[in-house]
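The values are calculated or read from the model by the stated rules, or taken from the named source; none is laboratory data. Because the structure is predicted, anything quoted here is derived from the model rather than measured. Glycine also receives a Cβ, built like all others from the backbone with ideal geometry; neighbour counts cover every protein chain displayed. When the accessible area is computed, the model is the full protein with side chains, heavy atoms only, and any ligands, DNA or RNA have been set aside. Shrake-Rupley method; radii C 1.70, N 1.55, O 1.52, S 1.80 Å.
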Amino acid sequence: MDRASSHNSEDPEKINHDSQSSRESPSPAPVVDPALDKRVWRKLDLFILPVVTMFYLLSFLDRSNIGNARVANLQKDLKMTNQQYSIALTVTYVPYIVAELPSNLLLKAVGPNLMLPTMLTLWGVVTTLQGVAHNYHALLVCRFFLGLFEGGVFPGLVLYLSFFYPRQQLQWRIAAFFSAASIAGAFSGLLAFGIINMDGIGNRPGWAWIFILEGLFTFLFGLSGYVLLPRSPAHARFLSQKEKDYITHKLKEDGATARNEVMDAFSWREVGMAFRLPQVWMLAIAFFFDGTILYGLAYFTPSIVQGLGFTASRAQLMSVPPFAVAFVVMIFGAYISDRYRCRGFVSIFSSFLCIIGFGMFLGSAKHHIQYASLFFSITGTYLAAPTLSTWSANNATPHIRRATAIAIGFIMTNSGGILATWLLGSLSAAPRYILATRVLLAFSVLMAAFCAANTWYLWDQNKKKAAIRATSTIDKEEPGLGDRSAWFDYAL
């Protein structure tokens, strides 16, 4: 049975740092109550998940709506070359990448109820300011600060959900909030289609209103986040004490916590341990490949669709259906992954969807086939992202090691985003994007290979751990091993 990392849900002030004493006096397990179990997760899904989902929807929308603005003449009005457009996208990722690890390490100490809404509010202000940018250099400044304030959001939200949900209930929730990315892809097109009709109002072009209206909404929702997000289960006002105790027990039960080791305090040793885990690096490489595909499609789908012969406004609408299909498949894939505990197989399947999509786009010059290819490539990469994110969170513990592992994955994802901006922005000619499509096809194949390698490695490690458990007892094991403990089964 898979068991997750241990003490995410505990308050820092309530942590008992005497691990030996904790091992000798474990807290009694609550009586199994199916009604309580159902009620607890339903409450979290009703109170936590919608807020987290909206946070990520706004994050992805505000980062990728520049693609819609480009189709609505942003590049032309600011007299930008294709290279300058790629630079503007790249500038977003540099501070974004730099912010991810520090943000994740600080999240629990500062409090996610403070850090996450603050980041949301600040990037809402910056998104709005993009709408009043009069030249290329002003846009660059806005994109830099947008990346700085958004950098910790995705890894922070994954880490935050792990404070509340056991491992084998996590992917469905991560997929639910990450589905906001596919919704954002669809919603962004619909919004842009309507907003660009405001062209000329207030002497602002239509693309400027895309930034202004979406940024203002983000700012206002960020302010509400201070009230809506609890710091931890222990601080959730919508939970009774019995429900809080039950969540704490389930999180401990789901990890290598028969020893009740309390290892949540910050430690540079644990940061370093994350960098030495083979599964972290195999997934990090897969994250890089998926990040290149994901952000390439997020930023350039409207331009790709426009290159198939549609008008600018029609291209905004036609970019919606592939993202809508991706949303449905992502939720179904998350259910399969959680239900049958098969993160690796779902990741490999998603890679094959990308291979099919890019193969179709590369192999045919017919517009209807190229458009149909987007249903495969977009669905594949949007299914892969939450699966890889959950897989990474599942297989590193304790807290600091897990926070670092998650951050490494997203650093690699956004490094792929930098490559994507150049591949499709400057190095490949529209509308065929031959070089970019070949690279993304190769990355899809490599992503499948590394996911397969990681699945085999974790299976082999679990086999070795089972052999140790058959001949030893947990009390004889060296303390502080975390996910390397023989009593911690890796999620496959």
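Rolling a 1.4 angstrom probe over the protein heavy atoms with all chains in place gives the range 36-239 an accessible area of 33 Å² per residue. Per-residue SASA remark: D475, around 140 Å² accessible (1.4 Å probe; ligands, DNA and RNA not included). Around L148, under 14 Å between beta carbons, what's the net of Lys plus Arg minus Asp minus Glu among the other residues? Net charge in that neighbourhood comes out at -1. Note that the range 270-491 presents 35 Å² accessible area per residue, ligands and nucleic acids not counted, probe 1.4 Å. Taking Cα atoms only, the orientation of helix 241-253 departs from the longest principal axis of the chain by about 90 degrees.
Please go through the residue pairs K43/K252; K38/K476; K250/K465; K244/K464 and name each one whose alpha carbons sit more than 25 Å apart in this structure. Could you put the intermediate results ahead of the total?
Details: K43/K252 20 Å; K38/K476 37 Å; K250/K465 22 Å; K244/K464 35 Å.
Flagged as over cut-off: K38/K476; K244/K464.
Just to confirm the number: angle between the C-alpha axis of helix 434-471 and the first principal axis of the chain, 0 to 90 degrees, nearest 10? Once rounded, the angle reads 0 degrees.
For the chain, what class follows from the C-alpha gyration tensor (a ≥ b ≥ c being the square roots of its eigenvalues): rounded when a/c is under 1.5, otherwise prolate if a/b is larger than b/c, else oblate? Because a/c hits 1.5 or more and a/b exceeds b/c, the chain counts as prolate.
With the full set of protein chains in place, find how many percent of the accessible area of the chain is carbon and sulfur; take the probe as 1.4 Å. Walk me through the intermediate numbers first.
Details: 12330 of 18180 Å².
That share works out to 68 percent.
Helix 320-340: angle to the longest alpha-carbon principal axis of the chain, degrees 0 to 90, nearest 10? Between the helix axis and the principal axis of the chain, the angle is about 10 degrees. Since only G222, N454, L148 are under comparison, the one whose Cα sits farthest along the positive direction of the charge dipole of the chain, derived from C-beta charges on Lys, Arg, Asp and Glu, is N454. With a Förster radius of 25 Å applied to the beta-carbon distance between S426 and F352, the computed FRET efficiency rounds to 0.30.
Shape of the range 270-491 from its Cα gyration tensor (a ≥ b ≥ c, root eigenvalues): rounded if a/c is under 1.5, otherwise prolate when a/b > b/c, or oblate? Cα axes put the range 270-491 in the prolate bin.
Compute, for the range 36-239, the length of the dipole vector about the Cα centre, with Cβ point charges of +1 (Lys, Arg) and -1 (Asp, Glu) only. Units Debye, rounded to 20. Display every interim value, and only then the final one.
Details: 15 positive and 8 negative charges, 100 e Å.
Computed about the Cα centre, the dipole is about 480 debye.
Given the rule -39500 (n - 2.57) for each run of at least 4 DSSP H residues, summed and divided by the residues of the chain, what is its mean residue ellipticity at 222 nm, to the nearest 500 deg cm²/dmol?
Working: 19 runs with 358 residues, N = 492.
Mean residue ellipticity, 222 nm, calculated: -25000 deg cm²/dmol.
With a cap of 15 neighbouring Cβ atoms within 10 Å, and only residues DSSP puts in a loop, list the trypsin sites (Lys or Arg not before Pro) found in the range 61-155. Walk me through the numbers before you get to the answer.
Values: sites: R63, R70, K76, K79, K108, R143; in loops: K79.
Here the trypsin sites (Lys or Arg not before Pro) that fit, given the DSSP loop and packing criteria, are K79.
Net charge in the neighbourhood of L116 (other residues with Cβ under 13 Å of its Cβ; Lys, Arg +1, Asp, Glu -1) is +1.
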